[in-house]
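Data first, discussion second: the structure below is written as structure tokens.
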Amino acid sequence: MKRKVSKNKIDFSVPENYFSDFDKRLESSISTSEVIPKATGFTVPEGFLDDFENRVWSQIDPGTTRDKTVKVRFLYAMSSIAAILILGFLLIKPASTLTTEQADELTSFDVKTYIDDGFINLNTYDIIDTFEGVSLEDIQMTDPIPREEIIEYLNQNNVDNYTLTFE
Amino acid sequence: MRDNIVIKELKSSTTQEKAFKTLVEKYKERLYWHIRRIVLDHDDADDVLQNTFIKVYRNIQSFKEDSAIYTWMYRIATNEALSFLQKRAKFYDTTSQELQQKMIENIKADEYFDGDEIQLKLQEAISTLPEKQRIVFNMKYFEELKYEDMSAILETSVGALKASYHHAVKKIEMQLTKL
């Protein structure tokens, strides 16, 4: 049977409309396979997804929704205070240990904020997680705390009384 | 409810809870299976799915609506699942390929896998694929997503996805016919 052909510059030819539906023919030839099964054998516990939306919602505290602008206080501000607190709690002699009264003054919000601000065991992955999806343009770096304020803070908190011990 | 209405309601504090639940209800199953095929284990898939929706909620304000929310959520789910595997590989101090082998070993004892021998061989074959090919294969073969949608989710050209899928199918068929 004679078929219509189109020619290219060097006289090779292909059947008419060969290229126009090539994609569809290719796709249909490989979209299903006689060798590869369609079922995977994975199962889920019965009713697993039934109440899923409520389960997820219970983990979301609307009050803590992140603003579009994320204020990063890793520089002098919080890191200075956190470093002082950590030093005070962990490295300095027990004379300056946190009293029960002081501990009681810490609200769960304070603790949550402390954790949310990333001062506990932050590694690269945690930082990536924290700021994933946040554009650099949306990250507002706060101005460094002036040296005078840090000195004043240290004075007010009587840091001179602490003795650092290094082993 | 249409997605664009859901997104508007999700961005408003007065309607966000209802809108969020509507969104989760609509996409939870599809996203679950997408994640499950990547992480294989049910409990891990459950964790990753929850994290995915929490991220969707937290980042909805920055969603610019220049793509469908469906593809945006798929992208988050894919990234979450891959990130989960990277963390796990790091935790076990192993390579991603060795982790895949370990995951296949675990499947055999998984109470939520009741596949037969050929289905187990299929998972073994999929696990030998490079990461990108593995995801492309799952999305096309099992989830039957359009290449255009996959292109938006994976930020890869349609041509590259087709080539990737073609290679994946050939490799898997070759492994399965060795049986």
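The residue that is nearest to B:N138 (Cα to Cα), counting only those in the range B:68-87 that are open to solvent by 40 Å² or more (accessible area, probe 1.4 Å) and touching a residue at least 24 places away in the same chain (Cβ under 8 Å), is B:R75.
For the range B:127-179, give me each residue that is facing chain A (nearest Cβ under 10 Å), open to solvent by 50 Å² or more (accessible area, probe 1.4 Å) and within 22 Å of B:R30 (Cα to Cα). Hit for the range B:127-179 is B:E144, nothing else. For the range B:41-62, a residue qualifies if it is facing chain A (nearest Cβ under 8 Å) and either within 9 Å of the chain's Cα centre (by Cα) or more than 24 Å from A:V134 (Cα to Cα) (or both), and the qualifying residues are B:H42, B:D46. Count, please, the residues in the range B:17-30 that happen to be more than 10 Å from chain A (Cβ to nearest Cβ) and in contact with a Leu (Cβ under 6 Å, 6 or more places away or on another chain). So the answer is 1. Residue-level check: of (1) within 17 Å of B:T22 (Cβ to Cβ); (2) free of Cβ contacts under 8 Å to residues at least 60 places away in the same chain; (3) β-branched (V, I, T), B:V48 misses just (1). Among the residues of the range A:32-56, those that are within 16 Å of B:Q50 (Cβ to Cβ) and among the acidic types (D, E) comprise A:D50, A:D51, A:E53. The residues of the range B:63-72 that are away from chain A (no Cβ under 12 Å) and either hydrophobic (A, V, I, L, M, F, W, C) or more than 24 Å from B:V136 (Cβ to Cβ) (or both), listed by number, are B:E65, B:A68, B:I69. Residues that are of a type in the set (A, V, I, L, M, F, W, C) and touching a residue at least 40 places away in the same chain (Cβ under 8 Å) within the range B:146-167 comprise B:A152, B:I153, B:L154, listed in sequence order.
The values are calculated or read from the model by the stated rules, or taken from the named source; none is laboratory data. Note that this is a predicted model, so its numbers are computed, not measured. No Cβ is skipped: glycine too gets one built from the backbone with ideal geometry, and neighbour counts run over all protein chains shown. Heads up: the accessible areas ignore ligands, DNA and RNA and are worked out on the full protein's heavy atoms, side chains in. Shrake-Rupley method; radii C 1.70, N 1.55, O 1.52, S 1.80 Å.
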